[in-house]
Amino acid sequence: MHDVGASLERVRERIARAAERAGRRGSDVLLIGVSKTVEVQRIQEAVAAGVPALGENRVQEAKEKVAALGRPVPWHLIGHLQTNKVRDALDLFDLVHSLDRLDLASELDQRARQRGHPVATLVQVNVGGETNKGGFLPDAVPAALEAIAKLDHVSVRGLMTIPPIAESAENARPWFRALAQLGKRVGLTELSMGMSADFEVAIEEGATMVRVGTAIFGPRPGKATA
Ligand SMILES: *Cc1c(COP(=O)(O)O)cnc(C)c1O
């Protein structure tokens, strides 16, 4: 049986070393345990072992897990959010990493206003300009941020990206660097970038949040959706 606690510990050590290489501290990087497709009991093990946050990519799946586990740590939404699921998402998540279009921003704003407090988000950037991928193209980000800034119940904390699939972590470095440079340009400090295969490189390039599933929980059944 895959040992979630031991894997989590190894990931934390790798985060600490990568942070050191970049002149930062491991504690400056938020580790989000990506628990999509993982059964509740194993998520519980990660919580017991001290995982600081959990990430899910589907609202319905998160709903079931939050019902079973409660909120021992913050839950983050890391996947595409349909407009008709915004209300549920606001119930469930402390941070939405996937603000990827303006109509979603308006819907989030409206629903968050009804609830009386702003929703925390990251703007998703399609750094590779891939046609099949969500998110704003890098050049479109400044204008998008200006538009979102007018919505007083959407708070943008930073940027998030899922770079093009790379053959090695090193090949992903230019994409991470591009996101970090864009973050500087627009004055946003949180950077959600890096997954199991490349989180160390992402941290070297300035990630403040890494989204790690497989390296903590083991392989997902049937290599489920990204
Ligand atoms: C599944 C997923 C991850 C985690 O992927 P691993 O390779 O298992 O670490 C990170 N980010 C997003 C957006 C995901 O969908």
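Only the Cβ atoms of Lys and Arg (+1) and of Asp and Glu (-1) were treated as charged; on that basis the dipole of region 103-226 about its Cα centre amounts to roughly 320 debye.
Taking label points 7 Å from Cα along the Cα-to-Cβ direction, D88 and E61 give a separation of 1.3 nm.
With viscosity 0.692 mPa s and temperature 37 °C, the Kirkwood radius over alpha carbon pairs of the chain converts through Stokes-Einstein to a diffusion coefficient of 186 µm²/s.
What you get for the chain, charging only the Cβ of Lys and Arg (+1) and of Asp and Glu (-1), is a dipole of about 180 debye around the Cα centre. Here region 4-217 exposes an accessible surface that is 50 percent carbon and sulfur, computed with a 1.4 Å probe and the other protein chains kept in place.
Annotation: per residue accessible area for region 1-115 equals 47 Å², rounded to a whole number [probe 1.4 Å, protein chains only]. Multiplying the residue separation of A143 and E167 by 0.36 nm and removing their Cα-Cα distance gives an extension gain of 5.4 nm.
Loop-located GluC sites (Glu not before Pro) in region 92-177 (DSSP state not H, G, I, E or B) with no more than 10 neighbouring Cβ atoms inside 10 Å: E167.
Here the relative contact order of region 105-226, from alpha carbon pairs under 8 Å that lie six or more residues apart, stands at 21 percent.
Close lysine pairs were tallied over the chain: pairs 8 or more places apart or on different chains with Cα atoms under 25 Å apart number 16. Spin-label model, V40/A6: points 7 Å from Cα along the beta carbon direction are separated by 2.7 nm.
Once C-alpha pairs closer than 8 Å and six or more residues apart are averaged by separation and normalised to the residue number of region 4-217, the relative contact order reads 22 percent.
Amide H to amide H distances under 5 Å link S98 with L122, where only residues 5 or more positions off or on other chains count and H is placed in the peptide plane. For the chain, the residue among V4, G194, H117 whose Cα projects farthest onto the positive side of the dipole built from Cβ charges is H117.
The values are calculated or read from the model by the stated rules, or taken from the named source; none is laboratory data. Bear in mind that the values here come from a model prediction, so they are computed numbers and not experimental data. Cβ sites come from the backbone with ideal geometry, for glycine too, and all protein chains shown count toward neighbours. Note: areas computed on protein heavy atoms with side chains; ligands, DNA, RNA excluded. Shrake-Rupley method; radii C 1.70, N 1.55, O 1.52, S 1.80 Å.
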